[in-house]
Structure formats: C-alpha cells, structure tokens
Amino acid sequence: MLFDNGFDVDLYMKNISNLKNNDYLYNNDNSNKIVSDKIGLQKGNMFKDEYLSYKGISPDIIEAKTEKDALMLKIYETCFAITDLGLYLDLHPNDSYMYEVYQNYVSNFEKCKDMFEKNYGPINNTFVDSSNYEWIKNPWPWDKDGGTKYV
Amino acid sequence: MFKYEKKLEYPVNITKKNLEMAKYILTGLGGSAGELAAATRYYIQSFSMPDERGKALLIDIATEELAHVEIISTMFRQLVKDATPEELKSYNLGDYYTEHGKGVYPVNASGMPFTATYIQSTGNPVVDLAEDMAAEEKARASYESLIDLTDNPEILNPLLFLRQREVVHYNRFKELYEDYKNKYKL
C-alpha cells in the first residue's frame with residue numbers, strides 16, 4: 001500500500017521485520033538477551049530472561065487487520081521497546097549496545113508516528129500539518145475505534 | 001511536565017460486556033495495589049531519590065503506570081458498555097451505579113474507594129524502594145487472581161501484559177534497592 005505522500009508502508013514493515021537478520025545490531029553477542037519489539041509488546045517484556053509466564057498461559061500474537069492498524073501497531077511495538085529498554089537504560093546508562101538498540105527503536109518510532117499523523121491525524125498535539133485543528137477528533141484511545149481495534 | 005500521546009500502551013478491544021469482570025477489574029485502578037496508587041506513589045517518591053538513576057527510574061515507571069490507569073479504565077468502559085441499570089444491579093454494581101453511573105471511579109473489587117493511605121513516601125529512598133517492590137508483587141498477585149477469573153482472551157491478553165510489567169518493575173526497583181542499600185547505608 002502506497003500512501004499519497006509516497007510512503008510504502010508494506011515495504012517499510014518488511015524492512016523493519018527483516019531488521020533482525022540484516023542489522024548489525026542484532027549480530028552482537030548481546031542480541032540474544034532481547035526479543036523483537038513485536039514479541040516484546042505481545043509478552044510485555046523485551047528481555048528474554050525476565051519473562052515469567054503465569055500457569056503457562058501465552059498471550060495471543062497481536063495482528064493488524066487494516067493498513068492503518070498495521071502502522072498503529074508498529075507505533076505500539078516501537079513505543080513499547082522504547083519504554084522497556086528505557087527502564088533498563090535508566091539503571092545502565094553506559095550500556096552502549098543497548099543504547100544503540102534504543103536509538104534504533106526511537107528512529108523507527110518517529111518515522112511511523114510521522115507517517116501515521118500525516119495520513120490519519122495527530123498522536124501528539126504538536127502535529128500541526130493540516131489546515132484544521134485536528135487534535136480533538138475522535139476516536140480517542142478509549143473509544144471503540146481508538147487505534148486499538150486490531151486485537 | 002507530562003504530554004499526552006493519543007494511544008494506549010497495549011491494545012484493548014473488548015467486544016462483549018462482562019459485568020462480573022468489570023466489577024473485579026476496578027481493583028486494578030482503585031485498589032491498594034492498583035495502578036492509580038502505583039502512578040502516584042512513584043511520582044511523589046521521585047522527588048526524594050538521591051541520584052540520577054533513581055530520579056529517572058521512578059519518574060519513568062510512574063509515567064508508565066499512568067498508561068496502565070488508562071488501560072484499566074478503557075477495559076472497564078468496554079466491559080460495561082450497553083449494560084442496563086437492571087443488569088448492573090444483578091451483578092452487585094447497583095451501589096456503584098448509584099454513585100458513579102458508568103463513569104470511571106477508583107474503587108477496589110469490593111467497592112472501597114481509593115485512599116491516600118495506599119501510597120507511601122518516607123523521604124528515605126531505600127525504605128521507599130522496599131515499599132515499591134512489595135507494591136509490584138501485590139499488583140502481580142492481584143492480576144493473577146483476575147486472570148484466574150476469566151478465560152476470555154480479550155480480557156486475558158491485557159491482563160497478562162500488565163502482570164508482566166509488574167514483574168519487570170519489581171526487578172528494576174530491586175536492583176536499585178540493592179545498589180542504594182550498599183551505597184547509602186540507609
């Protein structure tokens with residue numbers, strides 16, 4: 001799917017999902033400590049050793065049903081990676097490998113957020129790339145279609 | 001200051017009303033180990049953390065807990081959607097409906113309102129972090145009880161996510177606690 005501004009979301013998603021194989025960040029010895037942002041969001045945890053299942057119940061894989069949701073899901077995933085790696089970095093600010101992974105997710109998050117806002121409206125109130133003030137527009141996150149419909 | 005991001009931390013899409021779970025899940029918002037207590041507790045404690053790591057960790061976890069307040073509130077609203085007053089009454093939510101309608105209000109599963117005694121701030125970072133570790137474990141136990149009470153994946157998935165976040169937060173607090181214990185001898 002190609003957005004009107006020329007952004008190919010499918011290709012972008014493909015690049016992101018191939019990140020694990022292509023990116024040098026994931027060929028580091030430290031890389032076996034963490035999971036992808038997709039698995040991270042599903043399980044609530046980026047660190048393999050830290051995940052503690054309850055009675056063996058596995059959370060379902062989160063799948064997007066529409067292109068808009070696919071982009072929003074990518075925002076959820078990258079945002080989650082930033083949150084969880086951020087807490088680790090708060091206590092280990094000199095872990096340069098983890099900081100590189102963090103920077104990588106920040107960059108992907110910003111790109112996805114920018115693309116979402118240009119096509120579907122603001123996620124932050126500083127997004128003003130429109131002739132109207134769109135911040136107030138439904139849906140809000142707690143509404144039925146609040147960007148959370150894809151589970 | 002805080003800036004709002006127009007998204008949840010974890011997706012919530014509950015398609016069927018469930019008044020029994022709606023009543024129980026309120027404890028995740030307004031219970032003694034609920035998310036409102038967590039967000040407030042860590043936020044106020046961040047002001048007395050002695051070093052950079054402590055200030056960053058407490059404010060960052062407090063911020064995430066606010067996102068959890070939002071997840072639980074969203075779940076409650078979706079669980080009571082389309083419910084009639086009669087139905088609410090039959091699931092022991094008649095008292096709640098009288099006071100709050102279908103609005104979001106912090107109470108525990110037995111209807112006891114939120115109170116500031118659920119949160120602590122002693123000014124001693126080691127003592128505060130011990131409190132925080134206990135709070136995360138209590139919240140984990142409470143989510144496990146909620147998980148035991150349902151088999152609907154629409155409710156289970158966010159609960160499993162929230163439970164794992166308690167595990168992670170506990171580990172971060174514990175690491176800082178042990179470090180401060182050695183460093184400051186408090």
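Coordinate-derived values only; no laboratory data. Predicted, not measured: the structure shown is a model, and the values here were computed from it. Cβ: placed from backbone, ideal geometry, glycine included. Neighbour counts: every protein chain shown.
Would you pick out the residues in the stretch B:147-180 that are more than 8 Å from every other protein chain (Cβ to nearest Cβ), surrounded by fewer than 21 Cβ atoms within 10 Å (Cβ to Cβ) and among the aliphatic types (A, V, I, L, M)?
B:149
Determine, yes or no, whether residue B:64 is among the acidic types (Asp, Glu), touching a residue at least 60 places away in the same chain (Cβ under 8 Å) and surrounded by 17 or more Cβ atoms within 10 Å (Cβ to Cβ).
yes
Within the stretch A:85-94, how many residues turn out to be more than 7 Å from chain B (Cβ to nearest Cβ) and either of a type in the set (Asp, Glu) or in a helix (DSSP H, G or I) (or both)?
Qualifying residue count, the stretch A:85-94: 3.
For residue B:60, all conditions in the list (1) charged (D, E, K, R); (2) within 25 Å of residue B:22 (Cβ to Cβ); (3) touching a Gly at 6+ places or on another chain (Cβ under 7 Å) hold save one; what is the number of the exception?
Unmet condition: (2).
Only one of A:82, A:62, A:57 is in contact (Cβ under 8 Å) with a residue 12 or more places away in the chain and facing chain B (nearest Cβ under 10 Å). Can you tell me which?
Selected residue: A:62, the only one of A:82, A:62, A:57 that is in contact (Cβ under 8 Å) with a residue 12 or more places away in the chain and facing chain B (nearest Cβ under 10 Å).
With respect to the numbered conditions (1) assigned to a helix (DSSP H, G or I); (2) free of Cβ contacts under 8 Å to residues at least 24 places away in the same chain; (3) over 25 Å from residue B:169 (Cβ atoms); (4) within 14 Å of another protein chain (Cβ to nearest Cβ), which one is the sole condition not fulfilled by residue A:127?
For residue A:127, the failing item is (1).
Of these, B:139, B:130, B:135, B:109, which one is surrounded by 14 or more Cβ atoms within 10 Å (Cβ to Cβ), among the small types (Gly, Ala, Ser) and in a loop (DSSP other than H, G, I, E, B)?
B:109
Among the candidates A:51, A:88, which residue alone is on the phi < 0 side of the Ramachandran plot and surrounded by fewer than 17 Cβ atoms within 10 Å (Cβ to Cβ)?
Every option except A:51 fails the conditions.
Name the single residue, out of those in the stretch B:4-60 being within 11 Å of chain A (Cβ to nearest Cβ) and of a type in the set (Phe, Trp, Tyr), that is farthest from the chain's Cα centre (by Cα).
Checked the stretch B:4-60; the qualifying residue farthest from the chain's Cα centre (by Cα) is B:4.
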